[in-house]
Each structure stands twice: as structure tokens, then as C-alpha cells.
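This report refers to the structure that appears directly beneath it.
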Amino acid sequence: MFDLHVGSKPSEAFVQRAESLGYKCIARVHKPSEASGKEDAAEDSCPADEARLKVLRRVNLGASWEAVPKFRQAYDLVGVEFDGSAPPETFKRLCEKAECDIITLDLSKSQLAVHLQPATVQAALKRGLVFEILYS
């Protein structure tokens, strides 16, 4: 099992609980401002680094998916949040062209203003993207 949305510094208790539940991999989420990849190693360490869990580095970008390429080298996973109020063309371009790994649909803020067309969603899935749904 994987948890691909963990805070940047998970506690020892969280890491132990994840291991006991059978998780093999977690992704620590960092802020886009940390994209230089030059963080102090001591500051960047966490209990998961010494655990048996594989630890990935993830960054979440807002609607600025055009900026994804500059984050590619510093992070293992790049997520882009689709703003539910954006026009359908934006979602289609995101699914067909964005160089991200995860498309996040935040349903806690507002209802999506677009209908998820099967062909558009399939285009993203064929490219190896995954969808993440935030609901709280």
C-alpha cells in the first residue's frame, strides 16, 4: 500500500502506524518554494527515513501546471490541483499535456464546474497519470 500525501515531517508515531498497517511507501509533501532541492539534510530528515518505508518527495502545484518541468528534477512526484471553477478546456489540456504524475480534484472547496468526460479522463490514464480526490 502507498500513502502519497503525507506531511513534510511525519511523526514517529505516524511512521510506525503506517508500517503496522502494511504501507510500503509514503510521499512527503513539500511546498513549491522548496523546489530548489537544496534543503539542509538535517532539516529534511524524518523518522520515515530510518524506517523500512520507501520515502518519496512530492510537490503540489496549483493551477500553474505549465511550471511542472522545473520541479521534475527535485521531486519524485509532482501533483497539480485542478480548480473546480476553471473552464473545461483547462481540464482537457491538463489531462492531455501536463507533465505531472497526479491530478488532484479538490471537491471540498466547490463543486466541479466541468463534467468529467470519459475520453478526457482516459487520455490522462493512458499517459500514466492518477487522480486524487480531496473531499474534506
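The values are calculated or read from the model by the stated rules, or taken from the named source; none is laboratory data. Nothing here was measured: the structure is a model prediction, and the numbers come from that model. Positions of Cβ are backbone-derived with ideal geometry, glycine not excepted, and every protein chain shown enters the neighbour counts. Surface accessibility is based on the protein's heavy atoms, side chains included, excluding ligands, DNA and RNA. Shrake-Rupley method; radii C 1.70, N 1.55, O 1.52, S 1.80 Å.
Have a look at 35, 98, 124 and point out the one that is over 23 Å from residue 8 (Cα atoms), at pLDDT below 90, within 16 Å of the chain's Cα centre (by Cα) and surrounded by 18 or more Cβ atoms within 10 Å (Cβ to Cβ). Sole residue among the options that is over 23 Å from residue 8 (Cα atoms), at pLDDT below 90, within 16 Å of the chain's Cα centre (by Cα) and surrounded by 18 or more Cβ atoms within 10 Å (Cβ to Cβ): 98. Scan the stretch 1-32 residue by residue and report those that are assigned to a loop (DSSP other than H, G, I, E, B) and either open to solvent by 80 Å² or more (accessible area, probe 1.4 Å) or modelled with pLDDT under 75 (or both). Correct list: 1, 9, 21, 24, 31.
A single entry from 119, 86 fulfils the requirement of being over 21 Å from residue 26 (Cα atoms) and open to solvent by less than 30 Å² (accessible area, probe 1.4 Å): 86.
Are any residues in the stretch 98-114 farther than 18 Å from residue 77 by Cβ and not polar (S, T, N, Q), and if so, which ones?
If we filter the stretch 98-114 for residues that are farther than 18 Å from residue 77 by Cβ, which is where we start, we get 107-114.
Those that are farther than 18 Å from residue 77 by Cβ and not polar (S, T, N, Q): 107, 109, 112, 113, 114.
Being more than 18 Å from residue 2 (Cα to Cα), over 19 Å from the mean Cα position of the chain (by Cα) and modelled with pLDDT of 80 or more is the requirement here; does residue 73 meet it? Against the criterion (more than 18 Å from residue 2 (Cα to Cα), over 19 Å from the mean Cα position of the chain (by Cα) and modelled with pLDDT of 80 or more), residue 73 does not qualify.
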